[in-house]
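Okay, so here's the structure we're looking at.
The values are calculated or read from the model by the stated rules, or taken from the named source; none is laboratory data. None of these values were measured; they are calculated from a predicted model. Cβ placement follows ideal geometry from the backbone for every residue including glycine, while neighbour counts extend to all protein chains displayed.
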Amino acid sequence: MDCIFCKIVSNEIPSVKAYEDDRVLAFMDINPLNEGHLLIVPKAHAATIYEITEADFLAVMSVTHKLAAAVKKVLNPEGINLMQLNGRAANQVVPHLHVHIVPRWSGDGLTISQWEMVAGNMEKIKAVAEKIQSEMGNAE
(Lines give C-alpha, C1' and ligand atoms only; values in the text may rest on other atoms or scores of the structure.)
Protein backbone atom coordinates (compact mmCIF):
# COMPACT_ATOMS: atom_id res chain seq x y z
CA MET A 1 0.00 0.00 0.00
CA ASP A 2 1.27 3.44 -0.90
CA CYS A 3 -0.20 5.29 2.11
CA ILE A 4 2.13 7.79 3.79
CA PHE A 5 0.45 7.32 7.19
CA CYS A 6 0.73 3.51 6.92
CA LYS A 7 4.44 4.02 6.20
CA ILE A 8 4.72 6.22 9.30
CA VAL A 9 2.89 3.57 11.39
CA SER A 10 5.30 0.87 10.13
CA ASN A 11 8.34 3.13 10.74
CA GLU A 12 9.26 3.19 7.02
CA ILE A 13 9.04 6.97 7.28
CA PRO A 14 10.26 8.71 10.45
CA SER A 15 7.93 10.77 12.61
CA VAL A 16 8.02 12.67 15.87
CA LYS A 17 5.78 10.47 18.00
CA ALA A 18 3.68 11.91 20.80
CA TYR A 19 1.75 8.73 21.72
CA GLU A 20 1.49 5.10 20.67
CA ASP A 21 -0.47 2.04 21.74
CA ASP A 22 -1.58 -1.16 19.98
CA ARG A 23 -4.31 0.58 17.91
CA VAL A 24 -3.32 4.24 17.62
CA LEU A 25 -0.32 6.39 16.74
CA ALA A 26 -0.12 10.14 17.35
CA PHE A 27 2.64 12.24 15.87
CA MET A 28 3.50 15.87 15.30
CA ASP A 29 2.37 17.42 12.01
CA ILE A 30 5.48 18.41 10.04
CA ASN A 31 3.47 21.21 8.39
CA PRO A 32 1.95 22.61 11.60
CA LEU A 33 -0.78 25.22 11.55
CA ASN A 34 0.31 26.18 15.08
CA GLU A 35 2.75 24.98 17.71
CA GLY A 36 1.59 21.61 19.06
CA HIS A 37 -0.33 20.54 15.92
CA LEU A 38 -0.81 16.75 16.24
CA LEU A 39 -2.18 14.00 14.02
CA ILE A 40 -3.87 10.94 15.52
CA VAL A 41 -4.26 7.89 13.24
CA PRO A 42 -5.49 4.33 13.60
CA LYS A 43 -2.72 1.82 12.95
CA ALA A 44 -5.09 -0.24 10.78
CA HIS A 45 -5.61 1.48 7.43
CA ALA A 46 -9.03 3.02 6.89
CA ALA A 47 -9.39 5.80 4.32
CA THR A 48 -12.35 7.56 5.95
CA ILE A 49 -14.90 7.33 8.75
CA TYR A 50 -16.95 5.07 6.45
CA GLU A 51 -14.27 2.35 6.38
CA ILE A 52 -12.90 2.43 9.94
CA THR A 53 -14.15 -0.10 12.47
CA GLU A 54 -16.09 1.30 15.40
CA ALA A 55 -13.47 -0.07 17.82
CA ASP A 56 -10.61 1.66 15.99
CA PHE A 57 -12.57 4.91 15.71
CA LEU A 58 -13.36 4.86 19.44
CA ALA A 59 -9.68 4.19 20.18
CA VAL A 60 -8.65 7.18 18.02
CA MET A 61 -11.17 9.44 19.74
CA SER A 62 -10.14 8.27 23.21
CA VAL A 63 -6.50 9.08 22.45
CA THR A 64 -7.59 12.42 20.93
CA HIS A 65 -9.36 13.25 24.21
CA LYS A 66 -6.26 12.41 26.27
CA LEU A 67 -3.89 14.29 23.95
CA ALA A 68 -6.08 17.40 23.92
CA ALA A 69 -5.80 17.47 27.73
CA ALA A 70 -2.01 17.02 27.51
CA VAL A 71 -1.72 19.83 24.94
CA LYS A 72 -3.79 22.08 27.22
CA LYS A 73 -1.40 21.41 30.12
CA VAL A 74 1.79 21.77 28.07
CA LEU A 75 0.97 24.76 25.84
CA ASN A 76 -2.04 26.34 27.57
CA PRO A 77 -3.77 27.37 24.33
CA GLU A 78 -6.83 29.60 24.52
CA GLY A 79 -8.70 27.03 22.42
CA ILE A 80 -8.30 23.87 20.36
CA ASN A 81 -9.66 22.81 16.97
CA LEU A 82 -10.29 19.12 16.42
CA MET A 83 -10.58 18.30 12.72
CA GLN A 84 -11.43 15.04 11.00
CA LEU A 85 -11.98 15.34 7.24
CA ASN A 86 -13.49 12.70 4.94
CA GLY A 87 -13.09 12.75 1.17
CA ARG A 88 -11.73 15.26 -1.31
CA ALA A 89 -14.82 17.49 -1.08
CA ALA A 90 -14.04 17.91 2.65
CA ASN A 91 -10.39 18.72 1.84
CA GLN A 92 -8.99 15.38 3.05
CA VAL A 93 -5.48 15.23 1.56
CA VAL A 94 -4.16 11.92 2.95
CA PRO A 95 -6.64 9.04 2.45
CA HIS A 96 -6.04 7.50 5.88
CA LEU A 97 -8.42 8.56 8.63
CA HIS A 98 -6.80 11.05 10.96
CA VAL A 99 -7.73 13.63 13.55
CA HIS A 100 -5.93 16.95 13.82
CA ILE A 101 -5.44 18.67 17.17
CA VAL A 102 -4.66 22.32 16.44
CA PRO A 103 -3.97 24.51 19.49
CA ARG A 104 -5.40 28.02 19.04
CA TRP A 105 -4.56 31.47 20.35
CA SER A 106 -6.35 34.77 19.77
CA GLY A 107 -4.83 36.56 16.82
CA ASP A 108 -3.05 33.46 15.43
CA GLY A 109 -4.39 34.29 11.98
CA LEU A 110 -5.99 30.89 11.31
CA THR A 111 -9.49 30.77 9.83
CA ILE A 112 -10.20 27.07 10.32
CA SER A 113 -13.66 27.38 11.82
CA GLN A 114 -14.98 30.66 10.49
CA TRP A 115 -18.02 30.83 8.26
CA GLU A 116 -20.96 33.14 7.79
CA MET A 117 -24.06 32.14 9.73
CA VAL A 118 -27.01 31.95 7.31
CA ALA A 119 -30.37 30.61 8.47
CA GLY A 120 -31.42 27.40 6.77
CA ASN A 121 -34.84 26.27 5.56
CA MET A 122 -36.40 24.67 8.66
CA GLU A 123 -38.65 22.37 6.63
CA LYS A 124 -35.65 20.95 4.76
CA ILE A 125 -33.68 20.69 8.02
CA LYS A 126 -36.53 18.74 9.66
CA ALA A 127 -36.94 16.48 6.60
CA VAL A 128 -33.25 15.53 6.65
CA ALA A 129 -33.38 14.92 10.41
CA GLU A 130 -36.34 12.59 9.93
CA LYS A 131 -34.49 10.62 7.23
CA ILE A 132 -31.45 10.28 9.51
CA GLN A 133 -33.63 9.21 12.45
CA SER A 134 -35.31 6.62 10.23
CA GLU A 135 -31.94 5.27 9.06
CA MET A 136 -30.82 5.01 12.70
CA GLY A 137 -34.01 3.14 13.59
CA ASN A 138 -35.14 5.58 16.28
CA ALA A 139 -37.68 7.80 14.53
CA GLU A 140 -39.93 9.63 16.95
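Specify the residue that is nearest to residue 99 (Cα to Cα); the eligible residues are those in the range 43-57 that are in contact with a strand residue (DSSP E or B) (Cβ under 9 Å, 6 or more places away or on another chain) and not polar (S, T, N, Q).
Ranking the candidates gives 57 first.
Out of 33, 75, 25, I need the residue that is in contact with a Gly (Cβ under 7 Å, 6 or more places away or on another chain) and aliphatic (A, V, I, L, M). Which one? Write out each step before concluding.
Working: 33 fails: in contact with a Gly (Cβ under 7 Å, 6 or more places away or on another chain); 25 fails: in contact with a Gly (Cβ under 7 Å, 6 or more places away or on another chain).
Result of the check over 33, 75, 25: 75.
Scan the range 9-32 residue by residue and report those that are surrounded by 17 or more Cβ atoms within 10 Å (Cβ to Cβ) and under 14 Å from the mean Cα position of the chain (by Cα).
Of everything in the range 9-32, those that are surrounded by 17 or more Cβ atoms within 10 Å (Cβ to Cβ) and under 14 Å from the mean Cα position of the chain (by Cα) turn out to be 24, 25, 26, 27, 29.
All but one of (1) closer than 26 Å to residue 4 by Cβ; (2) more than 18 Å from the chain's Cα centre (by Cα); (3) not basic (Lys, Arg) hold for residue 119; state the number of the condition that does not hold.
(1)
Between a residue in the range 60-86 that is charged (D, E, K, R) and any residue that is surrounded by fewer than 16 Cβ atoms within 10 Å (Cβ to Cβ), which pairs come within a Cβ distance under 8 Å, given they are 6 or more apart or on different chains?
Note: pairs meeting the criteria are 66/19; 78/105; 78/106.
Might you let me know whether the range 121-138 holds any residue that is of a type in the set (Asp, Glu) and exposed (fewer than 10 other Cβ atoms within 10 Å of the Cβ)?
yes
Suppose the filter is under 30 Å from residue 3 (Cα atoms), out of contact with any Ser or Thr (no Cβ under 9 Å at 6 or more places or on another chain) and modelled with pLDDT of 95 or more; does residue 26 pass it?
Answer is no for this residue.
Collect the residues in the range 10-30 that are more than 18 Å from residue 46 (Cα to Cα) and part of a strand (DSSP E or B), keeping them in residue-number order.
17, 18, 19, 28
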